[in-house]
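Pasting a structure here, questions to come.
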Amino acid sequence: MSGFVGGLVWGLAGGMLIALATVFGVWWERKVAGRIHMRIGPQTTGPAGLLQVPADTLKMILKEDITPAQVDVRVFRLAPHIVFVPVAMSLTVIPFASGFAPLNTSIGMLFFLAVPSLSVIGMLLAGWSSRNTYATIGGLRAAAQMISYELPRTLSVLSVVVLAGSMRPLEVMEAWRPWWILANAIGFLVYFISSIAEVNSIPFDLPQAESELVAGYFADYSGIRWGIFMMTEYGAVVAASLFGAAVFLGGWRWLPGAFGVVLFIALTLLLITAIIFVKWTFPRMRSDQLMTTAWKILTPMALVQLVIVGVIVPWM
Amino acid sequence: MNIDELRDHLCGQYPDLCPLFSIEFGDGTLQVECRGLYDAAADLKSLGFDMLGMVTAVDRGEHFEMVYRLTSREMSVGMFLKCLVPRDKPHTRSLYDLWPAALWQEREVYDLFGIEFDGHPDLRRIMLPEDWVGHPLRKDYQDERIIKRPDYI
Amino acid sequence: MAIVDRVGSALEHGPGRVVLSSLDALFDWARSHSQWVMPMGTACCAMEMIASFPFTKFDSDRHGVIPQADPRHADVMVVAGTITRKMQPAVIRLYEQMPDPKWVIAMGNCTVSGGIFYYDTYSVVRGVDEFLPVDVYIAGCPPRPEAVQDALMQLREKIRQESIGPNTRHVRKLTLPGPGESRASVEPSEPGEVG
């Protein structure tokens, strides 16, 4: 399959993967968060609360669709899709199994890092079109934060690219060696923290800031339009975890065949759970602390990682 | 510092305020004419009372009694400052220039008693809706919305 | 709600009675098991409500109830605390911002009837049902967090009776608890019975 039809099919598959990831991810997050709080998460709806998220989704679909009177209607309706589509697209360059990456392009790594940044435009549009002071503030904060954390994330993945000698996803996986985990340890830490910032998860959720801005840039969205923002957030978490598990932790390289894929999924789940743990443990950072972390702490760490890798490569 | 020491300190610094100072139930009260309220308050502030904790009023029938609670952090002592405001066209000088805490407290007194404060930058109702008529904490406040509690024996 | 409403009315007048009851069962299940609450807490009852909602001892998350601070994302508004005349326009405004379908739980004596402020006061609204359509009342001053959870469960039962067809209501025969029983028993309605 190539061209338009191929793109359509893989795009739909990516969207469905995000929807499934959200259904599982929200349930998993509420259960893990419950256990962190020493309580049980969703329990009543379905066995072990597994039907909780389908119930939530069905309810959201049946909600009244409010478009407030003062918003810019076309932009307001377009913004959730601008936020969602780049994240869905970024799932296509992840190497899922040996010989299988939906889009095995020669700039794969760059594609994964650059394309989700387009959602920033969507967040800005969502905040701006709401014609609501606090939504606009949330949108501006989101833009500043996402742009700032692009740099350490890209630099940390760059060190993997330097070690692999290529940006094509499957070639990176072919070149992966177990000692890369040690060599890229600092880079992995930087990647982990920057990914949490990219998906607007606590401690970096200033754009949402539940106790402050009351949902920030998606404050005026109701029903399934808001659901699209939530799906984007979970989709981004899953994409970042998949990518981190593949490129930093080796993914399916440890075991042959199907066992490798199962291990890959297990590593992804581990990273998702780590993100959930961080989310429900730490308080929120202020904007100046956020910017300081990005520019003064994470970027130098990523540069140090690059230097380390640069020293190692001639000896490979 | 305790109240007697405060009385001595006050009498030493401002002898003309001394006869107005009385001690009841262990707390000191300075009772002044409302004309001289601002000057007395300024004197007390330079004496060391840097914190205005409460501004309120009591409807005594023929007049309102303004009550100010002043606290000094360095001297660790508090006292009351009182003045009597006549009932018709009640007004007195605002103490906002001395203690900014008086801003909303005086708005509350205006809202509930109707006492106007000259020199207050933003005198309007604070706890009741803007279009309310009447001042509820006066003893002669009538409102048909109030349901009186029945007396059960 | 518009599309679902039209579909509901269309199905009601056609041969769709069976479809409607199945759809109703599904939609009511979804709505009743996923109540997102907007905590409109003004006074002391807010403390008990905070204890009940996401916090650990009286966990409401296991019933699918999560607090949403933004009214546009919420289904249920729990008015907890005394509502004064000055606060009334704000509560109305937030209620109007909630999307349909929405419900209101009046928590605590002040929102039910004015509570201890019924007599001798000029500024308290005597019961939130003066300006909001209340679905469940919780008595108590303040009610215990278990009472709040019980109210959410009763709201769940109430939502189960609703229908997307505007002239249909699934009537349940409610028998109040006898001595020694803890819950009322509910029998489903006869097929075709309209309330």
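Between helix A:3-36 and chain A, what is the angle of the helix's C-alpha long axis to the longest principal axis, kept within 0 to 90° and rounded to the nearest 10?
Value to nearest ten degrees: 80.
With axes computed from alpha carbons, what is the tilt in degrees of helix A:185-198 against the longest principal axis of chain A, rounded to the nearest 10 within 0 to 90?
Taking the Cα atoms of chain A, the angle to A:185-198 is about 20 degrees.
Shifting gears a bit: Put +1 on the Cβ of each Lys and Arg and -1 on the Cβ of each Asp and Glu in the protein assembly as shown; which of B:Gly26, A:Ile186, C:Met47 then has its Cα farthest toward the positive end of the dipole?
Positive-most Cα among the choices belongs to A:Ile186.
Which ³J(HN,Hα) values, rounded to whole Hz and listed in residue order, are derived for the stretch B:68-75 from phi using the Karplus coefficients 6.51, -1.76 and 1.60 in 6.51 cos²θ - 1.76 cosθ + 1.60 with θ = phi - 60°, glycine and proline given as x?
10, 9, 10, 10, 10, 6, 6, 7
Can I ask one more? Using a Gaussian network model of chain A whose springs link C-alpha atoms within less than 10 Å, name the residue from A:Gly165, A:Gly108, A:Gly251 with the highest mean-square fluctuation.
For chain A, modelled as a Gaussian network with Cα springs under 10 Å, the answer is A:Gly165.
If you build a Gaussian network model of chain B, linking Cα atoms that sit under 10 Å apart, which residue out of B:Met75, B:Met66, B:Met54 swings the most?
B:Met75
Can you give me the distance in nm between label points at A:Arg35 and B:Glu74, each placed 7 Å from the Cα along the Cα-to-Cβ direction?
6.0 nm
I need the calculated FRET efficiency for the pair B:Arg7 and B:Asp118, taking r as the beta carbon distance and R₀ as 30 Å, to the nearest 0.05.
0.45
Give the lysines reachable from B:Lys148 as a straight Cα distance under 20 Å; neighbours fewer than 8 places away on the same chain don't count.
B:Lys148 reaches B:Lys139.
Let me check against my output: what whole-number percent is the relative contact order of the stretch B:3-118, with C-alpha pairs under 8 Å and at least 6 apart? The partial results should precede the final answer.
On the way: 192 pairs, mean separation 26.5, N = 116.
Here the relative contact order equals 23 percent.
To make sure I understand the rule: partners must be aspartates and glutamates, Cα under 18 Å from the Cα of A:Lys296, and not fewer than 8 residues away in the same chain. Which ones qualify?
Qualifying aspartates and glutamates at Cα under 18 Å: A:Glu150, A:Glu198, A:Asp288.
Please list 3J(HN,Hα) in residue order for the stretch B:27-33, calculated via the Karplus relation 6.51 cos²θ - 1.76 cosθ + 1.60 where θ = phi - 60°; whole Hz, with x for glycine and proline.
Running phi through 6.51 cos²θ - 1.76 cosθ + 1.60 with θ = phi - 60° gives 10, x, 10, 10, 9, 10, 6 Hz.
When the gyration tensor of chain B is built from Cα positions, what are the square roots of 5 times its three eigenvalues, in whole Å, from largest to smallest?
Over the Cα atoms of chain B, the ellipsoid semi-axes are 31, 18, 14 Å.
Against the longest alpha carbon principal axis of chain A, how many degrees, from 0 to 90 and to the nearest 10, is the axis of helix A:73-90 turned?
That works out to roughly 20 degrees.
What is the average number of partner chain Cβ atoms found within 10 Å of a Cβ in C:78-87?
Details: counts 0, 0, 0, 0, 0, 0, 3, 5, 7, 1.
Per residue, the number of nearby Cβ atoms from other chains is 2 on average.
Among A:Thr45, C:Thr82, what's the order by accessible area (1.4 angstrom probe), most exposed first?
C:Thr82, A:Thr45
With just the Cα atoms of chain A, tell me how far they stretch along each of the three principal axes, in Å, largest first.
63, 49, 43
Same structure again: Counting Lys +1, Arg +1, Asp -1, Glu -1, what net charge surrounds A:Gly41 among other residues with beta carbon under 11 Å of its beta carbon?
+2
For a 18 Å ceiling on Cα separation, which of these pairs sit above it: A:Lys31/C:Lys102; C:Lys57/C:Lys158; C:Lys102/C:Lys158?
Those over the limit are A:Lys31/C:Lys102; C:Lys57/C:Lys158.
Now for a different question. At 1.4 Å probe size, with no ligands or nucleic acids counted, give the accessible surface of B:Glu33 in Å², nearest ten.
For B:Glu33, the solvent-accessible surface is approximately 120 Å².
To the nearest 0.05, what FRET efficiency results for A:Ala69 and A:Val261 with a Förster distance of 60 Å applied to their C-beta separation? Walk me through the numbers on the way to the answer.
Working: r = 51 Å, r/R0 = 0.84.
According to the calculation, E is roughly 0.75.
If you plug each phi of the stretch A:273-286 into the Karplus form 6.51 cos²θ - 1.76 cosθ + 1.60 with θ = phi - 60°, what whole-Hz ³J(HN,Hα) values come out, in order, with x for Gly and Pro?
For the stretch A:273-286, the Karplus-derived couplings read 5, 5, 5, 5, 4, 4, 4, 9, 10, 9, x, 7, 8, 6 Hz, x marking Gly and Pro.
How long are the three semi-axes of the equivalent ellipsoid of the stretch B:35-99, in whole Å, if each is the root of 5 times an eigenvalue of the C-alpha gyration tensor, listed from largest down?
They are 23, 12, 8 Å, listed largest first.
A further question on this structure: For the stretch B:1-58, just the Cα atoms, rotate onto the principal axes and tell me the three extents in Å, largest first.
27, 23, 21
Would you mind giving the mean number of other chain beta-carbons within 10 Å of the Cβ of each residue in C:26-34, as a whole number?
On the way: counts 3, 4, 0, 5, 11, 5, 3, 12, 12.
Per-residue shielding by partner chains comes out at 6.
Based on DSSP H runs of at least 4 residues, each adding -39500 (n - 2.57), what is the mean residue ellipticity at 222 nm of the protein assembly as shown after dividing by all its residues, to the nearest 500 deg cm²/dmol?
Values: 22 runs with 307 residues, N = 664.
The helix contribution divided over the protein assembly as shown gives -15000 deg cm²/dmol.
Still on this structure, please answer the following. So, in nm, how far is label B:Tyr141 from label A:Val307 when the simple model puts each one 7 Å beyond its Cα toward the Cβ?
Output for this residue pair reads 7.1 nm.
The values are calculated or read from the model by the stated rules, or taken from the named source; none is laboratory data. These figures come from a predicted structure and were not determined experimentally. Here Cβ is always computed from backbone atoms with ideal geometry, including for glycine, and neighbour counts include all displayed protein chains. Protein only, heavy atoms only, side chains kept; ligands, DNA and RNA dropped before computing areas. Shrake-Rupley method; radii C 1.70, N 1.55, O 1.52, S 1.80 Å.
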